[in-house]
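One structure below.
The values are calculated or read from the model by the stated rules, or taken from the named source; none is laboratory data. Model, not experiment: these values are computed from the prediction. Counting neighbours? That spans all protein chains shown, and the Cβs are built from the backbone with ideal geometry, glycine included. We work out accessible area using only protein heavy atoms, side chains counted, and drop any ligands, DNA or RNA first. Shrake-Rupley method; radii C 1.70, N 1.55, O 1.52, S 1.80 Å.
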Amino acid sequence: MKLVVMTKPTFFVEEDKILTSLFDEGMENLHLYKPGATPMYSERLLTLMDEEVYGKITVHDHFYLKEEYRLRGIHINDATTAVPAGYKGHVSRTCHTIGELKEAKRKTDYVFLADVFDSLSDKSRTAAYSYDQLEEAARSGMIDKKVYALGGVNIETIRTARELGFGGVVVCGDLWNKFDIHQQQDYKELMLHFERLRKAVG
């Protein structure tokens, strides 16, 4: 099972140090997701990291960054927006319904299925599907190794995602909640939690 780490949606002071440490500890797939941010800030974050990790980073916006920094690929935040004209390379996208998966999987390296579990960072966002619906989607082949669970992923829900046949999980709130950007400078607890997540995906 694959483990994807998605950045916090906002930038913060220690971010480059934490991301570098996560790469050092074996993070293989980082999604750079900064909705609404000026591209200059993403560029600055990238320049603060070692070029060796660029091939493990997928960008959600400002797709020119993919070529400029030789990143792993681009991520489209819905099931239908076309890939930019002339783009060649790794593409992933987010699906917001089970019905979108079949078509999206044909044209992408992998897809995120959103809102699989109750959100850990936004209490108003609850799971979009029942366990029975997810089980049926797995039985019919809609959920498979190319589909990664997004939303509410933690140690417990990783087990459920594995049972359902998801090929990977996307971690965001569960990891970043271990570090208070306003109060803390020590991010040991976050790193320990990353190790627990890695063990959980196996």
Query raised in the report: Pick from region 177-202 the residues that are among the hydrophobic types (A, V, I, L, M, F, W, C) and at pLDDT 95 or above: which of them is most open to solvent (accessible area, probe 1.4 Å)?
Result: Leu192
Query raised in the report: How many of the residues making up region 178-197 are assigned to a loop (DSSP other than H, G, I, E, B) and of a type in the set (A, V, I, L, M)?
Result: 1
Requested in this report: Search region 21-35 for residues that are over 13 Å from Lys56 (Cα atoms) and pair each with any residue that is part of a loop (DSSP other than H, G, I, E, B) when their beta-carbon atoms are under 6 Å apart and the residues are at least 6 apart or on different chains.
Outcome: Tyr33/Thr7; Tyr33/His60; Pro35/Pro9
Report task. Tell me which of these Ser140 doesn't satisfy, since it passes every other one: (1) at positive phi; (2) surrounded by fewer than 17 Cβ atoms within 10 Å (Cβ to Cβ). Result -> (1)
**Report entry** Wholly enclosed helices (runs of 4 or more DSSP H) of region 54-154 bearing at least 3 residues under 19 Å from the mean Cα position of the chain (by Cα)
**Finding:** 101-106
Query raised in the report: Glu156: closer than 29 Å to Ser21 by Cβ and either open to solvent by 10 Å² or more (accessible area, probe 1.4 Å) or among the β-branched types (Val, Ile, Thr) (or both), yes or no?
Result: yes
Query - Members of region 21-48 found to be of a type in the set (D, E, K, R) and closer than 30 Å to Gly202 by Cα, listed by number - result: Asp24, Glu25, Glu28, Lys34
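Quick grid of which residues meet (1) closer than 29 Å to Leu190 by Cα; (2) open to solvent by 10 Å² or more (accessible area, probe 1.4 Å); (3) touching a Pro at 6+ places or on another chain (Cβ under 8 Å); (4) at pLDDT 95 or above:
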site: Lys56; (1), (2), (3), (4): yes, yes, no, yes
site: Asp78; (1), (2), (3), (4): no, yes, no, yes
site: Lys146; (1), (2), (3), (4): yes, yes, no, yes
site: Thr160; (1), (2), (3), (4): yes, yes, no, yes
site: Leu164; (1), (2), (3), (4): yes, no, no, yes
**Report entry** Residue in region 117-126 that is among the hydroxyl-bearing types (Ser, Thr, Tyr), touching a residue at least 40 places away in the same chain (Cβ under 8 Å), open to solvent by 30 Å² or more (accessible area, probe 1.4 Å) and under 19 Å from Glu156 (Cβ atoms) present
**Finding:** yes
Report summary line: Quick count over region 26-53, residues being within 19 Å of Gly173 (Cα to Cα), open to solvent by 70 Å² or more (accessible area, probe 1.4 Å) and more than 12 Å from the chain's Cα centre (by Cα), is 1
